[in-house]
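Worksheet for the structure shown next.
Just so it is clear, none of the values below were taken in a lab; they were calculated from the coordinates. Since this is a predicted model, take the numbers as computed values, not measurements. For neighbour counting, all protein chains shown are included, and Cβ atoms are generated from backbone atoms with ideal geometry for every residue, glycine included.
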Amino acid sequence: MSLKINEDTCIGCGVCQSLCPDVFEVGADMKAHIKDGADESASCVDDAMNSCPTGSISKD
Ligand code: SF4
């Protein structure tokens, strides 16, 4: 499984970071990024995916 942020659609709102701060952070570029060494299976990842207003978080 690989967690991805679509940087073309991410608006940097910070919802993912608020819900799951160990996994997501919004960078100076105002795009969300997956933190190094993040536990991508954390339960809050699904909350962030479901709450992202632009549907920019995906797993494949
Ligand atoms: S919740 Fe979605 S739009 Fe907002 S910062 Fe995270 S990935 Fe980007």
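Observations
- Ranked for footprinting exposure by Cβ neighbours inside 10 Å, fewest first, Ile57, Ile11, Ile5 give Ile11, Ile5, Ile57.
- For the chain, a crude dipole built from +1 on the beta carbon of Lys and Arg and -1 on the beta carbon of Asp and Glu, taken about the Cα centre, is about 120 debye to the nearest 20.
- Partnerless cysteines in the chain, where a partner means another cysteine C-beta under 4.7 angstrom, comprise Cys10, Cys13, Cys16, Cys52.
- Net charge, Leu3 excluded, C-beta distance under 9 Å - Lys, Arg +1, Asp, Glu -1: 0
- Overall form of the chain per C-alpha gyration tensor (a/c, 1.5; a/b vs b/c): rounded
- Between Gly14, Gly27, Gly37, the residue with the greatest mean-square fluctuation in the GNM of the chain (Cα pairs under 10 Å linked by springs) is Gly37.
- Under the Karplus curve 6.51 cos²θ - 1.76 cosθ + 1.60, θ = phi - 60°, whole-Hz ³J(HN,Hα) for region 44-52, x wherever Gly or Pro sits: 5, 4, 5, 4, 5, 4, 6, 9, 4
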